[in-house]
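Read through the structure below, which is laid out as structure tokens, and then see the notes.
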């Protein structure tokens, strides 16, 4: 997380809502060598205390998380380069604005018998957000495909102990300078530029 507390005052509920809506993140586990990293979809509980996910059996994280293991699940959002020229004031420096939420806690394996329910809940949640189609359901798979599918993966639950967030949106600038930069973001470099511009114009409420 960014060390400047100006960017770390976003309400916990806002950060959790962002992570729940994003529903995809980067799972990181410390090892004796380089950290293990995996990119995973997840389901965040309504109360924000747990996140359910699955991993392929051959995933190195699945192999080292046979018991409760400390992890971080990083969920990232829109980002963009900010040119100093956009502020309309002198003597500024380049920067990069972005949104990131870290869910920190213990990753625990779930009983294998929980896997069908987890997969059904995940697919139902994601399918419900697709417009104009009937939801895909697991009963559309043959018994053979289902059995193969279930053999390949394992269920896990992240018990969330801490929610960290950075909403770096130019809050360290006055409103005029920040709005001027927001007006230029969509012409620039980054991802989801329109979303970031809207957040810069109206930063989420602080805690």
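The values are calculated or read from the model by the stated rules, or taken from the named source; none is laboratory data. This one's a predicted model, so the numbers in the text were calculated from it and none came from an experiment. Neighbour counts run over all protein chains shown; Cβ positions are idealised from the backbone, glycine included.
Quick notes on this one:
- The residues in the stretch 59-98 that are part of a strand (DSSP E or B), in contact (Cβ under 8 Å) with a residue 60 or more places away in the chain and surrounded by 18 or more Cβ atoms within 10 Å (Cβ to Cβ) can be counted, and the count is 9.
- From the list 125, 120, the lone residue that is touching a helix residue (DSSP H, G or I) at 6+ places or on another chain (Cβ under 6 Å) and either part of a helix (DSSP H, G or I) or surrounded by 15 or more Cβ atoms within 10 Å (Cβ to Cβ) (or both) is 120.
- Look at (1) surrounded by fewer than 17 Cβ atoms within 10 Å (Cβ to Cβ); (2) at pLDDT 95 or above and you find that residue 166 fails only one, number (1).
- The stretch 27-48: number of residues that are over 17 Å from residue 65 (Cβ atoms) and surrounded by fewer than 14 Cβ atoms within 10 Å (Cβ to Cβ): 2
- Members of the stretch 22-44 that are part of a loop (DSSP other than H, G, I, E, B), touching a strand residue (DSSP E or B) at 6+ places or on another chain (Cβ under 8 Å) and farther than 21 Å from residue 99 by Cβ: 30, 35
- Filter result for residue 101 (assigned to a strand (DSSP E or B) and modelled with pLDDT of 95 or more): yes
- Set 44, 16: member being within 23 Å of residue 79 (Cα to Cα) and in contact with a helix residue (DSSP H, G or I) (Cβ under 7 Å, 6 or more places away or on another chain): 44
- Scope the stretch 1-26; condition surrounded by fewer than 16 Cβ atoms within 10 Å (Cβ to Cβ) and without any contact (Cβ under 8 Å) to a residue 60 or more places away in the chain; matching residues: 3, 5, 13, 17, 21, 24, 26
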